[in-house]
1. ASP162 to SER224: extension gain in nm, 0.36 nm per residue of separation minus the Cα-Cα distance?
2. Need the full-extension length gain, THR265 to LEU98, defined as separation in residues times 0.36 nm minus the C-alpha distance. One decimal, nm.
3. Work out how much length GLU143 to ASP79 would gain on full extension: take 0.36 nm times their residue separation and subtract the Cα-Cα distance, in nm to one decimal.
4. How much mean residue ellipticity at 222 nm does the chain get from its helices, if each DSSP H run of length 4 or more adds -39500 (n - 2.57) and you divide by all residues, to the nearest 500 deg cm²/dmol?
5. What is the dipole size for the chain, taken about its Cα centre, with +1 at each Lys and Arg Cβ and -1 at each Asp and Glu Cβ, in debye to the nearest 20?
6. Once you place label points 7 Å from the Cα toward the Cβ at THR27 and LEU125, how far apart are they in nm?
7. In percent, what relative contact order does the range 165-306 have, based on Cα pairs under 8 Å that are 6 or more apart in sequence?
8. Do you know the relative contact order of the range 116-163, to the nearest whole percent, from alpha carbon pairs under 8 angstrom that are 6+ apart?
Amino acid sequence: MTTISIKKQNKEVSSNLERREYKDQATLVSSFNTREGKTDFKKIWGLAVLDNELFTATDECAEIEVYDLEHFSLKRRFDLVSDTQHYIDIQDIAACKLQKCLYIMNWASIDKRKEILRINVNGNLKRRWSTGSEFGRLSVSNEGSVVVTIIWKDKLKEYSMDGVLLREIKLLTVVHPRHAVRLNQDLFIVGFGDDEDSLHGVCIVDHLGNSIVSYGGTKGSSTSQVNCPLALAVDSEGSIIVADEKNRRLLLLGSNLEFKKVISTENCGLRDPWRLYLDSLAGRIFVADNAIKDNDQCQVLVLDLK
């Protein structure tokens, strides 16, 4: 297997908790339904944490719900205000700790042009910019740039915090990327594979779109396979957590994508993991679980990893 040196995504943290090993199995700390998920069975499209608050975004909804991280109770809600040119339909949300702001992927403006909104923690619009007809999942780099994963065009776009397109990366060997996180200036980690695809996996690509190392292959349920890796999270040591949706589990991979362990399954309540937010310092991960069947409701799972 190819070995590469990866600069850690997050800064090193000197706490003992940060350096403890992951448990063999995560433990469930709490689970709660979002307001929209409980009343209208709407899926949770995004999770973000900023200033000790958890922000959730819901399908076909302009409202952001805000929960406190101590009791996981709903603190407040706010609507993103539209105007005559813009209609709000949130597809993802990501937080930038550097700028103390949130980014929203909005795909339902009236003229069909997609856009990214930059807002503060109270929902006040600070900036917006068009992404043309393209949209996708968001992540924010350590330096504050915004990465958009364009699933139907097999590419990544990276923007400055003010909406300037910094680069566009055509993925040369990846089909249907689901989520990407920038590891450093030259490398990105990408989860890929749509329902109809035979190949599903996670790979590290360079700034030219070349795959450097990969995990997975033909989709399946063994520990060397994934089936719809919808979301990724990277800890401060470079380890990767993968939301393996169809297998109802979370996987832990090493920094070179070597399999480490299955850290969460249906035993922790996982049914349909769609989104992740990793709090490395607390040793916890937040999971948006979107199983809607047999009167199940969309919920957020809080799992203790260490």
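The values are calculated or read from the model by the stated rules, or taken from the named source; none is laboratory data. Only a predicted model underlies this, so the values are computations on that prediction, with no experimental measurement involved. As a convention, Cβ positions derive from the backbone with ideal geometry for all residues, glycine included, and neighbour counts pool all protein chains shown. Calculation scope for accessible area: heavy atoms of the full protein, side chains included, ligands and nucleic acids excluded. Shrake-Rupley method; radii C 1.70, N 1.55, O 1.52, S 1.80 Å.
1. Taking 0.36 nm per residue and subtracting the Cα distance, the gain is 18.3 nm.
2. Full-extension gain reported as 56.8 nm.
3. 20.2 nm
4. -500 deg cm²/dmol
5. In total the dipole reaches around 440 debye.
6. Distance between the two pseudo-spin positions: 4.6 nm.
7. Averaging sequence separation for qualifying contacts and normalising by length gives 14 percent for the range 165-306.
8. 25
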